[in-house]
Amino acid sequence: MMNCHLKPFFFVVAAWLLLLLFSCTSPSNKKEGAVFRYNQPGGITSLDPAFAKDQANIWAVNQLYNGLVQLNDSLQIMPCLAKSWNISPDGLTYTFTLRNDVYFHDHELFNNGKGEKMTAFDVAYSLGRLLNEQVASPGAWLFNGKVDEQQPFNALNDTVFQLRLQQPYRPLLNILSMQYCYVVPQKIAQHYGKEFRNHPVGTGPFRFKTWLENEALILAANRNYFETDAQNNPLPYIDGIKITFTENKRTAFLQFLNGNLDLISGIDATYKDEVLTPDGQLLPALNGKVQLLRSPQLITEYLGFLLGTGGNPALQNKKVRQAIGYGIDRPRLIRYLRNNIGAPATQGFIPKGMPAFSPQTPGFTFQPDKARQLLKEAGFEGGKGLPTITLEMTPAYQDLCTAIQKQLSELGFNIALEMNPPSLLREKTAKGEAAFFRASWIADYADAESYLAVMYGNNPAPPNYTRFNNPKYNQLYQAALAQNNPEERYRIYRQLDQLILEEVPVIPLFYDEVLRFTRPNIENLGINPLNLLNCKQVKIK
């Protein structure tokens, strides 16, 4: 933490830097000196893509770098550094043809300080370093056990890059859209080593200017950026981005209301009733002062069961698990505990917003009579003879689990709640010590396989915390990974989702939602189910 006596000096310098950096001539389609401002309460730990492991890092990295491919707001794969690609008939070799007009940001280590052209050799280096044990990237799991062990990443020449797999893995393009896979200049990354985290150089729409950790990060527009808008106007429109790190979310919210921030992402209990009605709509008093953007988010909240050894004997009975599923009134929980943020998970484990999601998948709805009948068929009519069932939870979900406890008690269940710190609950589920637990699954990439892998029998915990191991499921899962046709793959995904609902290793509760509050002069911010921040087309009126 910075010495408090230096803070006034820093803010004077920061203000001077902003004036200096963004006082240049601006394109006519944006406000002069336009700087987009947002707060990151958790702080940023690294600006190196190899460490883009959480939202804070991902949002910043997404402004500074590019990948071979990118996602639009509908989560469709689009070209980026690669202008085209093809996949071999056996599904093992992906060949990418790169753009030849992409340059890294200017840096003193380049010849004459000018950014050098990005090549396939930089791509091969960038992906290869994820597997380098000396780099120790948390993104190594993306390729471990998937890519060819001898020659996984190859530059055939400056503009042709090739990736080779051990076996077909059709979600690969979605994997390559992740920020872990963004391209860095080999020369610069090797020079700085671990210090590349705060000396970032990429090809992205913004370039690094200054970062005073725990205070502010300033990025400036890259006026040599290769992408343009639909009318062929250069991107980005704005002159820069300023990210602050106020830890207190309510304080940041007040800064937003006072006009000192342009974006608040998500909603916090400390101020939700000051912006949203009980039905989740923007309060009328804020109309014209605040814009509310919302989108499905790729998060499924669920209850999980430990199946087999170590599990609660009563919960090994599928009908008992089904009775729990039909005994929960999801719409009521969302309305009274979440201001209608999110949607009841009445389809399956695959959430709304995921391309393979189907509203026709028949899932759990609130049917108390059916729940009572299932308990009777399981031999526990009215809950008689049913032992106490302990639901493991974390403090943040006490209200939700208490409400579920009350709803299930009306069916004859005796649910005990056990509070755990998040780290302890993760440890208990990983070790098979939690028989019944509340959890969330957040998509790492925009392919339903990210969810379905959670139930694949050959996977350990994580991600398979339930120890679900169904031969039919395992066979279908492998078939999906090798399927060339996306629609056919989605059909298999939906079969897998239906099997999850039938066998009940988990009970989906609700699908989450992205909320973004912006100032009325902010245009083109967009919103997407991955909650990825894209600033290259943002305009400030």
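Bear in mind that the values in this text are calculations on the coordinates, not laboratory data. What you are looking at is a predicted structure, and each value in this text was computed from that prediction instead of being measured. Every residue, glycine among them, receives a Cβ derived from its backbone with ideal geometry; neighbour counts consider all protein chains shown.
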Cβ-Cβ cut-off under 15 Å around residue 366, Lys and Arg +1, Asp and Glu -1: the net charge is +3
Env charge @ residue 60, Cβ radius under 15 Å, K,R +1 / D,E -1, value +3
Between the modelled labels at residue 213 and residue 108 (7 Å from Cα along Cα→Cβ) the distance in nm is 2.1 nm
In nanometres, the difference between 0.36 nm per residue of separation and the alpha-carbon distance of residue 73 and residue 485 is 146.1 nm
With only helices counted (DSSP H, runs n ≥ 4, each -39500 (n - 2.57)), the per-residue ellipticity at 222 nm for the chain, to the nearest 500, works out to -7500 deg cm²/dmol
For the pair residue 417 and residue 524, the simple spin-label estimate (label points 7 Å beyond Cα toward Cβ) gives in nm 4.7 nm
Residues whose modelled amide H sits under 5 Å from the amide H of residue 306, counting only those 5 or more places away in sequence or on another chain, are 312, 436
Check: C-alpha center region 453-530 vs C-alpha center region 137-196, spacing in Å is 24 Å
Other residues with Cβ under 11 Å from the Cβ of residue 46 give, with Lys and Arg +1 and Asp and Glu -1, a net charge of -1
Expected unfolding gain across residue 84-residue 148 under the 0.36 nm per residue rule, minus the alpha-carbon gap, is 20.9 nm
Site residue 370, offset 7 angstrom along Cα→Cβ, radius 12 Å on amide nitrogen, limited to region 327-362, gives 327-328, 346-347, 362
Stretched fully, the stretch from residue 281 through residue 390 gains (0.36 nm per residue minus C-alpha distance, one decimal, in nm) 35.7 nm
In order over region 174-180: 3J(HN,Hα) from phi, Karplus 6.51/-1.76/1.60, θ = phi - 60°, whole Hz, x for each Gly or Pro, gives 5, 4, 5, 7, 6, 5, 3
Rounded to the angstrom and largest first, Cα extents along the principal axes for region 65-200 equal 45, 32, 31
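Show me the ranking of peptides 327-336, 223-232 by mean Cβ neighbours inside 10 Å, starting with the highest.
Values: 327-336: 18.9, 223-232: 12.6.
Output ranking for 327-336, 223-232: 327-336, 223-232.
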For region 366-383, in residue order, the Karplus 3J(HN,Hα) values (coefficients 6.51, -1.76, 1.60; θ = phi - 60°; whole Hz; Gly and Pro = x) are 6, 9, x, 5, 5, 4, 5, 5, 5, 4, 4, 5, 7, x, 10, 4, x, x
In whole percents, the bins of 10 Å from zero upward hold the Cα-Cα pairs of region 423-541 as 11, 34, 28, 17, 9, 1
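Expressed as a fraction of 2.2 N^0.38 Å, the rule-of-thumb size for a compact globular protein of N residues, what is the C-alpha radius of gyration of region 162-247?
1.38
Roughly what % of Cα-Cα distances in the chain sit above 42 Å, to the whole percent? Could you put the intermediate results ahead of the total?
Numbers: 36919 of 146070 pairs.
Percent of Cα pairs beyond 42 Å in the chain: 25.
Counting pairs of Cα atoms in region 421-461, how many percent are more than 16 Å apart? Present the calculation step by step, with values, prior to reporting the outcome.
Numbers: 379 of 820 pairs.
More than 16 Å apart: 46 percent of the Cα pairs in region 421-461.
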Zone reached by a paramagnetic label modelled 7 Å from residue 194 Cα along Cα→Cβ, restricted to region 126-152 with backbone N below 12 Å, covers 134-136
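Using packing as a proxy for protection, rank 116-126, 484-494 so that the peptide with the highest average count of other Cβ atoms within 10 Å comes first. If you can, show how the numbers build up before the last one.
Working: 116-126: 22.0, 484-494: 15.7.
Packing order, densest peptide first, comes out as 116-126, 484-494.
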Mean Cβ-within-10 Å packing, highest first, puts peptides 197-203, 257-263 in the order 197-203, 257-263
With x for Gly and Pro, the residue-by-residue ³J(HN,Hα) of region 402-407, computed from phi through the Karplus equation 6.51 cos²θ - 1.76 cosθ + 1.60 at θ = phi - 60° and given in whole Hz, is 5, 5, 5, 4, 5, 4
Listed by chain and number, the residues whose amide H is under 5 Å from that of residue 417, excluding neighbours fewer than 5 places away on the same chain and using placed H, are 391
